[in-house]
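The values are calculated or read from the model by the stated rules, or taken from the named source; none is laboratory data. All values reported here derive from a predicted model rather than from experimental measurement. Ideal geometry is used to build each Cβ from the backbone, glycine not excepted, and the neighbour counts take in all protein chains shown.
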Amino acid sequence: MKKMLLLLFAFLVLSSAVYAYSPDSSYVALYADTLRSGWRVNRGGGAVTPFELWIWWLPSVRGIRAAEFRIIYPTSVIQGTVTASDSLSIQFGTLPNGMAVSWIYCQHDWAWSHHQDIYLKDANPAQIMVSTSNASGKLQIVWCPPVGAPIEPVRKWNNFCLNYDCGTAVHSRSWGAIKDLYK
């Protein structure tokens with residue numbers, strides 16, 4: 001019984017440390033749903049396979065107030081309707097050419113900026129990718145005030161894979177950085 005309580009205590013301490021962790025960098029990710037549970041789709045048996053693309057942002061400890069990016073689409077997809085989040089106050093541009101967006105309020109947790117209906121035309125392996133904006137040549141975010149709203153680069157969490165399993169989204173960290181998560 002004592003071992004079981006000790007294991008339960010260790011689990012609670014470690015899990016609370018993981019959930020309390022805020023990344024030191026901001027990330028952008030492409031997902032197939034609002035739960036952020038998958039980032040790939042395979043062509044079905046019909047002429048085209050419809051699917052959804054969600055653009056999600058994970059802020060660093062400094063939050064996100066604005067972002068600049070673009071989406072690169074392979075020729076194997078047909079781009080459908082784009083819906084912007086109600087939490088955006090401003091958006092300029094288009095997804096394939098580059099977007100500049102600003103949220104109404106500072107984002108401190110996962111937030112989506114756009115949702116798009118897409119149609120997959122063939123069974124060839126390909127990827128939909130987040131990239132730098134055509135206007136500035138950068139993939140970047142703006143921190144939240146009051147720190148002066150500086151600009152910082154964004155890391156890509158994943159690409160959206162078509163017709164193949166592209167694995168899991170993994171980013172390298174030093175052993176010291178991993179140990180720091182549990183201090």
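Here are some notes:
- Verdict on Glu68 being surrounded by fewer than 19 Cβ atoms within 10 Å (Cβ to Cβ) and modelled with pLDDT of 95 or more: no
- Scope the stretch 109-119; condition more than 17 Å from Thr83 (Cα to Cα) and free of Cβ contacts under 8 Å to residues at least 60 places away in the same chain; matching residues: Asp109
- Filtered residue count, the stretch 121-167, keeping only those that are over 12 Å from Arg70 (Cβ atoms), free of Cβ contacts under 8 Å to residues at least 60 places away in the same chain and not in a strand (DSSP E or B): 6
- Scanning the stretch 108-122 for residues that are among the hydroxyl-bearing types (Ser, Thr, Tyr) and within 16 Å of Arg40 (Cβ to Cβ) gives a single hit, Tyr119.
- Among the residues of the stretch 103-114, those identified as surrounded by 15 or more Cβ atoms within 10 Å (Cβ to Cβ) and in contact with a Leu (Cβ under 7 Å, 6 or more places away or on another chain) are Trp103, Ser113, His114.
- Qualifying positions in the stretch 37-81 - more than 25 Å from Asn134 (Cα to Cα), within 14 Å of the chain's Cα centre (by Cα) and touching a residue at least 12 places away in the same chain (Cβ under 8 Å): Arg40
- Failed criterion for Ser76 (all others in (1) surrounded by 15 or more Cβ atoms within 10 Å (Cβ to Cβ); (2) over 21 Å from Cys161 (Cα atoms) hold): (2)
- Single condition Ser87 does not satisfy, out of (1) under 12 Å from Ala111 (Cα atoms); (2) surrounded by 20 or more Cβ atoms within 10 Å (Cβ to Cβ): (2)
- If you go through the stretch 117-159 and pick out every residue that is among the hydrophobic types (A, V, I, L, M, F, W, C) and farther than 25 Å from Gly38 by Cα, you end up with 7.
- Test: residue in the stretch 109-117 that is within 26 Å of Phe51 (Cα to Cα) and touching a His at 6+ places or on another chain (Cβ under 9 Å): no
- Residues in the stretch 129-146 that are under 16 Å from Ser26 (Cα atoms) and either of a type in the set (S, T, N, Q) or surrounded by 13 or more Cβ atoms within 10 Å (Cβ to Cβ) (or both): Val130, Ser131, Thr132, Lys138, Leu139, Gln140, Ile141, Val142, Trp143, Cys144.
- Given (1) in contact (Cβ under 8 Å) with a residue 40 or more places away in the chain; (2) hydroxyl-bearing (Ser, Thr, Tyr); (3) within 25 Å of Glu152 (Cα to Cα); (4) touching a Phe, Trp or Tyr at 6+ places or on another chain (Cβ under 7 Å), number of the condition Thr34 does not satisfy: (3)
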